[in-house]
Amino acid sequence: MNLRKLNRDEIKYIAMMTMLLNHIANIFLEPGTLIFTLLVDIGYFTAPVMCWFLVEGYHYTRSKKRYAARLAVFALVSEIPFCLAFSEAYNEVETISFCGMNMMFTLLLCFGVLLVREYVPEEGLKLALYLFLFLVSTFSDWAILAPAFTMLFAAGRGDERKTKKAFLIGSGVFALMNFYPGTTPGGFLYSVIYAVLSCCGILAAGFAVLHLYNGKRAERGRTFFKWFFYLFYPVHLLILGIIRIIF
């Protein structure tokens with residue numbers, strides 16, 4: 001049975017929707033509740049998919065300069081909506097504060113990782129640049145993890161076994177990062193369940209890329225899809241931020 005029915009743009013649509021659910025949970029729902037946890041975990045599907053398609057796009061783009069410029073422009077455009085959506089009001093007047101750099105900026109750093117990987121031959125300098133990019137990512141969304149996923153996907157590109165291993169490694173590390181062992185048997189079991197659930201979105205992303213993706217783009221509306229995915233990020237954050245302020 002052939003499961004490879006989804007093209008690149010359809011998988012990206014799914015990623016946009018899971019990101020939206022994650023952001024709704026983080027902005028409006030109470031942490032620790034079941035619905036909050038489920039929506040946040042579903043949203044972890046998005047970042048690995050974005051990193052994987054970034055690696056693919058890097059190798060297929062006609063102009064790496066224009067690709068990097070688009071990421072930089074939308075990182076700037078998205079910053080105010082990002083802070084507007086995720087700021088916490090400390091008093092009745094404050095409605096926006098700096099919350100770190102947004103995911104577009106993180107993807108720009110990931111693009112930098114790919115540039116270093118391709119164009120810097122000297123190992124010492126390459127390591128120093130990698131460390132710099134990883135360090136800068138600590139000020140942005142999906143810090144450390146997104147550049148790490150990018151490196152794993154780049155190393156395994158074109159090899160299904162290596163790509164599967166990359167997703168499994170990423171899932172395992174993410175689960176460990178979300179494992180907070182309790183002092184009681186019940187607390188320990190809850191921590192295990194929480195950690196396992198946290199990596200389900202990443203595993204689902206791996207399944208989508210490895211088993212559902214047909215390797216094609218949408219046959220029609222390619223220009224629309226290209227700009228839709230760039231615009232969706234700042235626009236949906238702006239809308240969520242305005243709703244947060246109003247309510």
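The table below lists the values:
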quantity	calculated
Counted charge near residue 6, where neighbours are those whose Cβ lies closer than 12 Å (Asp, Glu -1; Lys, Arg +1)	+4
Sequence-separation-based contact order of the chain, relative, with Cα cut under 8 Å and 6+ spacing, percent	30 percent
Rounded if a/c under 1.5, otherwise prolate or oblate - the range 90-160, Cα gyration tensor axes	prolate
DSSP loop GluC sites (Glu not before Pro) with at most 12 other Cβ within 10 Å excluded, longest remaining stretch of the chain	123-218
Whether the range 166-247 is rounded, prolate or oblate, judged on the alpha carbon gyration tensor where a/c under 1.5 counts as rounded	oblate
Environment charge at residue 156 (Cβ cut-off 15 Å; Lys +1, Arg +1, Asp -1, Glu -1)	+3
Exposure proxy ranking, count of Cβ atoms within 10 Å, fewest first, for 52, 227	227, 52
Euclidean distance of C-alpha centroids, the range 1-39 and the range 220-246, integer Å	15 Å
Lys/Arg +1, Asp/Glu -1 at C-beta; the chain dipole; positive extreme among 150, 76, 198	150
Segments 101-110, 188-197 sorted - mean Cβ within 10 Å per residue, highest first	101-110, 188-197
Cα-based shape type of the chain, given that a ≥ b ≥ c are square roots of the gyration tensor eigenvalues and the cut on a/c is 1.5	rounded
Local electrostatic count, residue 72, Cβ distance below 13 Å [Lys/Arg +1, Asp/Glu -1]	+3
For the range 20-28, 3J(HN,Hα) per residue [Karplus equation, 6.51 cos²θ - 1.76 cosθ + 1.60, θ = phi - 60°, Hz, x = Gly/Pro]	4, 4, 4, 5, 4, 5, 5, 8, 10
Order of 163, 95 - criterion: other Cβ atoms within 10 Å of each residue's Cβ, fewest first	95, 163
Residues with amide H under 5 Å from that of residue 140, placed H, sequence gap 5 or more	101
Exposure proxy order (Cβ contacts within 10 Å, fewest to most) of 137, 97, 63, 87	63, 97, 87, 137
Value of [θ]222 nm, deg cm²/dmol, for the chain, DSSP H segments ≥ 4, -39500 (n - 2.57) each, nearest 500	-24000 deg cm²/dmol
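None of the figures in this text is laboratory data; all of them are computed from the coordinates on show. Just so we're clear, the structure is a prediction, and the values are computed from it rather than from any experiment. Using ideal geometry, Cβ is built from the backbone for each residue, glycine included, and neighbour counts are taken over all protein chains shown.
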